[in-house]
Amino acid sequence: MNMTAVSALLDRELSARSRVGHVLLLLAAAAMATITGSLWATEPALPARTAAAFAVMTGMGLCWVAYAAWVLAARRVLLGRQRVVASGMATLFSGVALAGALATGLLAGMPAAWPAALVFAGMTGLALALLVRARRDYARLCRRREQLAQQLRSPAPG
Amino acid sequence: MSPAHPPNHDPLADEWLTVRCQLGEREAFDELVARWQLPLWRYARQLTGHDAAADDATQDVWLRVLRGIARLREGAKLRPWLFGIAHRVLMDRLRAQYRMPLVSDDEADLAAQPIDEDALQLETDLAALRDGLARLPALECEVLTLFYLQQLSLDEVSQVLAVPVGTVKSRLHRARRLLRLQLGVQGER
C-alpha cells in the first residue's frame, strides 16, 4: 500500500492553482475567439491573408475553450465553492466584455462590436445560469453538512 | 446469510465525508483516503495477487474517485460506489493483462474449472482462505471477496458489480462450490 503516492495524487488533483488557471484560460480564449471571430465576420474588404489569420486565431481560441472546458469537466473537477467562484468569475468577465462590446458599438460605431456583443451576451447568460446553479448546489451541500454534523454529534438513541 | 458489517460501515459517516469532499474540503479527502485506502487495496490485492499491481490499481481508483465524487448523489452509498469503481478498474486491468474473456454466468462450467495440482494444502486460517480465493476465476474470487472479506451486503455487491441480486446469489453459490471443491481436492493431498 502506497500512502505517499495517494497523498501526492491528492495534492496534484486538488491543486487550486491548476483549476484557477484553466478557468482563466477558458475565459481568455472565449474572449479572444469572440473578438477575432467578430472582426473576421464583419470587417469589410479584409485582405485574404488577414481574413485567414482571423479565421485561424478564432479556431485556435475555440480549441483552447474546448480544451479548458474538458479539463474542468473531466480532469480538474470543480467542487462546491470552487464552482461558485469560477462561475462568478465567468459572469464578471463576460459582463465586462459585454459592456465593452456595447460601448464600442455605440460610441465608436464599429460594426464588429455587435456580433461580439451578441456572443458576450450569450456567455453572460450562460455564466449567470451556472452561477445560480452553483450557488444553489453549494447551499444544499452546506445545509446537508450541517444536518449531518448535528446527527453525528447527537446520534439517535437505540 | 449476510455477514456482519465491518467497523467502518457507517452510512452516516460516509455521507458526511462525501458532502465535505463535494464542498471541496481538502481534509475530508485525507479522511476519505485514510478510511477506505486499506479496504480498497485489500480488494485489489485479492484480485490481482500482487502488491505492486494492487498499488497501481488503487491509485487509479483514487484518481477516478477524485474526478467523480462531485457526481455522487447519495453519499450514504459511498461504499458500493467506491467498490464499484474499483471493480471497473480491476476488470479493465485484468482484461488488458490477460487478453482473455472472463468466465460469464452462462459459460461457467464447474467440471471444467482447473484445479492447481501443485497447490499447498489449505489451512484453516484467513491467509489460507485468501490463497484459495486467489485460485478461483476472477468473477467467483471477486464476489466472495466483496461478500465475505469486505463484508458488503448482497444489495451492495449487486450495486458494485452492476448485476441483479439474484445473479449475485448464484455467483456466490457457484463460488462457494468451487472453493469447497478446491478445499476438498487439496485436503485429500
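Any read-out appearing in this document is the output of simple, stated calculations on the displayed coordinates, not a laboratory observation. The model shown is predicted, which means the values in this text are computed figures rather than measured ones. Positions of Cβ are backbone-derived with ideal geometry, glycine not excepted, and every protein chain shown enters the neighbour counts.
Quick one: if the Förster radius is 22 Å, what FRET efficiency do residue B:31 and residue A:16 give, using the C-beta to C-beta distance and rounding to 0.05? With a Förster radius of 22 Å, E is 0.70.
Listed values for segment A:95-104 are Karplus-derived 3J(HN,Hα) couplings in whole Hz (6.51 cos²θ - 1.76 cosθ + 1.60, θ = phi - 60°), namely x, 5, 5, 4, 4, x, 5, 5, 4, 5, and x replaces Gly and Pro. Evaluated at 37 °C with a viscosity of 0.692 mPa s, what Stokes-Einstein diffusion coefficient in µm²/s does segment A:80-158 have when Rh comes from the Kirkwood expression over alpha-carbon pairs? Translational D for this selection: 221 µm²/s.
Estimated at 0.36 nm per residue, the fully extended path between residue A:48 and residue A:24 surpasses their Cα-Cα distance by 5.5 nm. Note on residue B:134 and residue B:155: the extension gain reaches 5.2 nm, defined as 0.36 nm multiplied by sequence separation minus the Cα-Cα distance.
Taking the fewest neighbouring Cβ atoms within 10 Å as the starting point, the ordered list for B:35, A:140 is A:140, B:35. Scalar couplings 3J(HN,Hα) for segment B:35-51, obtained by applying the Karplus form with A = 6.51, B = -1.76, C = 1.60 to θ = phi - 60°, are 7, 10, 4, 5, x, 5, 5, 4, 4, 5, 4, 5, 7, 8, x, 9, 4 Hz; x denotes Gly and Pro. Under the criterion of Cα pairs below 8 Å and six or more residues apart, the relative contact order for chain A equals 25 percent. Shape class of chain A from the alpha-carbon gyration tensor: oblate, with a/c at 1.5 or above and b/c at least as large as a/b.
Averaging 1/r over each pair of different alpha-carbon atoms in segment B:1-100 and inverting the result gives 14.1 Å, the Kirkwood hydrodynamic radius.
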